[in-house]
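Below is one structure, written out as C-alpha cells; comments come after it.
FYI, it's all coordinate maths here, none of it is from the lab. All values reported here derive from a predicted model rather than from experimental measurement. Cβ: placed from backbone, ideal geometry, glycine included. Neighbour counts: every protein chain shown.
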Amino acid sequence: MPLLGCVLRGQLDPTARDRALVEVAESLKEVGRTLRQRSPRAKVLFVDYLTLLPPAGEPAPPLSDVDVALGRRVADTLERLTGEAAADTGCEWVRVAQASREHHAWSQRPWTMKPTRFGLPLPGRPAPLHPNAEGMRAVADLIVGMVGRAGNP
C-alpha cells in the first residue's frame, strides 16, 4: 500500500478521525473567539487549504479509489468547518479550496504537488500534496485581495 494510503486509512480509525474533526472545528472557533475578544477591530481571516484531489469520478494514481474518496470527504469536511468557524466568530473566510478546484495535483496547471508512488519528496521539489510556487502565489494573491478589499478595517 502506498505511504499516503497508510496515512489516510491506518493512522486513525473512523471514530477517532471523526472525533478529531470535531476537535478541529472547536479549536478553529476558539481561535476566532479569542482573536475577536483580544482585538475586536482586527481583520481576521480563516484560510482553508488548496484542493488536492481531482473531482469525483477522476482517478488520482497512485492513490486507490478508497483513499481518494476518504481524502475528498476529509477535505470537504475541513473546508466546511473552516467556513463555519469564520461565520460563527465574525471572521472572514479566504476560500482557497474553492478557488483551486481546477488546480488539483492531477490537473494541467496544479497548485500542489502530486504524490509519488511511495509518498516521499523528490530532491529539490516541494513535498507531495504541498503547494508548489504557483499555488503559494495564488494563495497569497487571494489573501492580499481580501485584505485590500474596501470597507474593511
inquiry  = If I model a spin label at D76 and Q37 as a point 7 Å from the Cα along the Cα→Cβ vector, what separation in nanometres do I get?
reply    = 3.5
note = Sequence order, the stretch 29-36: Karplus ³J(HN,Hα) from phi using 6.51 cos²θ - 1.76 cosθ + 1.60, θ = phi - 60°, Hz rounded, Gly and Pro as x, gives 5, 5, 4, x, 4, 5, 5, 4
ask   = So what is the orientation-averaged projected area of the stretch 3-147, using the convex hull of its C-alpha atoms, in nm²?
value = 9.4
task = Collect residues whose amide H, placed 1.01 Å from N in the peptide plane, falls under 5 Å from the amide H of W93; neighbours closer than 5 in sequence don't count.
result = F46
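At 0.36 nm per residue, and after removing the present C-alpha to C-alpha distance, how many nm does the segment from E30 to T15 gain when stretched out fully?
Values: separation 15, 0.36 × 15 = 5.40 nm, distance 2.27 nm.
Result: 3.1 nm gained on full extension.
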ask   = Per-residue HN-Hα couplings for the stretch 95-101, Karplus 6.51 cos²θ - 1.76 cosθ + 1.60 at θ = phi - 60°, whole Hz, x for Gly and Pro?
value = 8, 5, 4, 5, 5, 9, 3
query = Mind checking the dipole of the stretch 41-82: about its Cα centre, +1 per Lys or Arg Cβ, -1 per Asp or Glu Cβ, Debye to the nearest 20?
reply = 380
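Quick one: if the Förster radius is 22 Å, what FRET efficiency do A69 and E134 give, using the C-beta to C-beta distance and rounding to 0.05? Can you show the working numbers first?
Numbers: r = 27 Å, r/R0 = 1.22.
Taking R0 as 22 Å, the efficiency between A69 and E134 is 0.25.
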